[in-house]
1. With Cβ to Cβ distances under 15 Å as the rule, what net charge do the other residues near residue 6 carry (K, R +1; D, E -1)?
2. Given 4 °C and 1.567 mPa s, how large is the Stokes-Einstein diffusion coefficient of the stretch 1-71 in µm²/s, with Rh as the Kirkwood radius over Cα pairs?
3. Determine how large the accessible area of residue 186 is when every protein chain is in place; take a 1.4 Å probe and give Å² rounded to the nearest 10.
4. Round to the nearest 0.05 the FRET efficiency obtained for residue 128 and residue 243 when R0 = 45 Å and r is the Cβ-Cβ distance.
5. Any chance you could look up the accessible area of residue 192 with a 1.4 Å probe, heavy atoms only, rounded to 10 Å²?
6. How long is the gain from residue 114 to residue 213 if the chain were fully straight, where each residue apart is worth 0.36 nm and the alpha carbon distance is subtracted?
7. How long is the gain from residue 236 to residue 250 if the chain were fully straight, where each residue apart is worth 0.36 nm and the alpha carbon distance is subtracted?
8. Report the full-extension gain for the segment residue 9 to residue 141: residue separation times 0.36 nm, less the Cα-Cα distance, to one decimal in nm.
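The values are calculated or read from the model by the stated rules, or taken from the named source; none is laboratory data. Keep in mind that this is a model prediction, so the values were computed, not measured. We place every Cβ from the backbone using ideal geometry, glycine too, and count neighbours over all the protein chains shown. SASA here: full protein model, heavy atoms, side chains in, ligands and nucleic acids out. Shrake-Rupley method; radii C 1.70, N 1.55, O 1.52, S 1.80 Å.
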Amino acid sequence: MNIPLLSPDALQRISDACCYISVFLGDEKISQGTGFAYTANGEVLTAAHVVTGRSPIRHCDYKDPDQRIYCKFAGHPAAEYRVFFCSIDLDIPSFTSRIQLDLAILLPKSPFATAVSHIPANVNPPTLGERVCLAGFSEELELPFNVDRLLQHDFSGAAQFREAMRTGYIADMTGPLLKQGNVGNLRRIVAENTQNGDRVECDVMYIDNAMHAGASGGPVVNGKGEAVGVLSQRAVTRVDVGQEKVRVPSGCTVALSLAPLLHIARKTGDAVTEQVVRHGHAPAMCREPRAAG
C-alpha cells in the first residue's frame, strides 16, 4: 500500500508557503522560479541562480539598482523583495575556480498585512532512502484551458491580466506542483578555512523524481512538514546521438540541504536566521526590517 507522506492539510500548507518569483531588469523579465516562506513574515528561501537569472552567480547582478524582484504567494498581492544573502562562495586553493552554493534569502520590502503560510526550516538533512516531498512552479504546469493563449489581445482587461501574470499570479491560478521521491544519494561537503575559523557544511542530495525548469528554489520537505532542502537543478546524464554524447535530464533532481544557513547566520550576525535554524521559528512578526547581507 502506498501511504501518503503527508496529510492533505500539510500538503496544502506547503503549497500555500511556495511563491512564484519574477525577476526584472528594467522592464525585461530575466528570471523566474520558485521560493518558499520559512517565517510568518514572508522571508523567502530560494536558489541563488533564480535571483540572478544565470550561473555562475555574479554578485553585481542582484546589486544592480534596476533589478526588481517580486514574490507572489497565493491569496496575497505580489510583493517586492530585496536580497539579504545570495550564494556562498568557497575559494579552494587547489581548484581552478570557486565553488558556489546555490542558496539565497529574500526579504519583503514592506510587511505583509497578514501572516504568510510558511514551512519550518530544519538544517539537518534527510537520510539516505528517506521519502520527501518536492514543490515548485515547474514548467510542466499550464493554466487551466490554456486561457493565457486563448485570451484575445484586444479583450477588455486582457492587458491587465497578462501584466499580472508577469508578476506571478500563476500562484493563484495553478499553485505549485507537488511530487514525492526518495533520497537516492546523499553526500556532505565540508569546507573550512583554518586561518579564520570559517566553516561551511552542506549536503548535496539526489532525489529520484524529476522537477523541471521553474521549480528551482522550491522546498524539499520531510515527513514532519519541515523544509530540509532547496531544489537546485535537474540531474543530467549522457546519451549517444550519432558520434556525440548529448547531456539530457536523467529523471532525478539535485537539491541542497539547509545546513549553510548556520554559516549565513554566523557570517551576517543575523539573530533571526540563527533563531530559525536552531529553533524552527522566527521572533514575532512586528520587528525592524533586517539589513542586507
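1. Working: positive: 13, 131, 179, 224; negative: 9, 16, 130, 226.
Net local charge, residue 6 excluded: 0.
2. Here the translational diffusion coefficient equals 94 µm²/s.
3. Surface open to solvent at residue 186 totals about 40 Å².
4. Working: r = 38 Å, r/R0 = 0.84.
Result of the calculation: an efficiency of 0.75.
5. Counting only protein heavy atoms, residue 192 exposes about 110 Å² to solvent.
6. Fully extending the segment from residue 114 to residue 213 adds 32.6 nm.
7. So the extension gain works out to 4.6 nm.
8. Additional length available on full extension: 45.4 nm.
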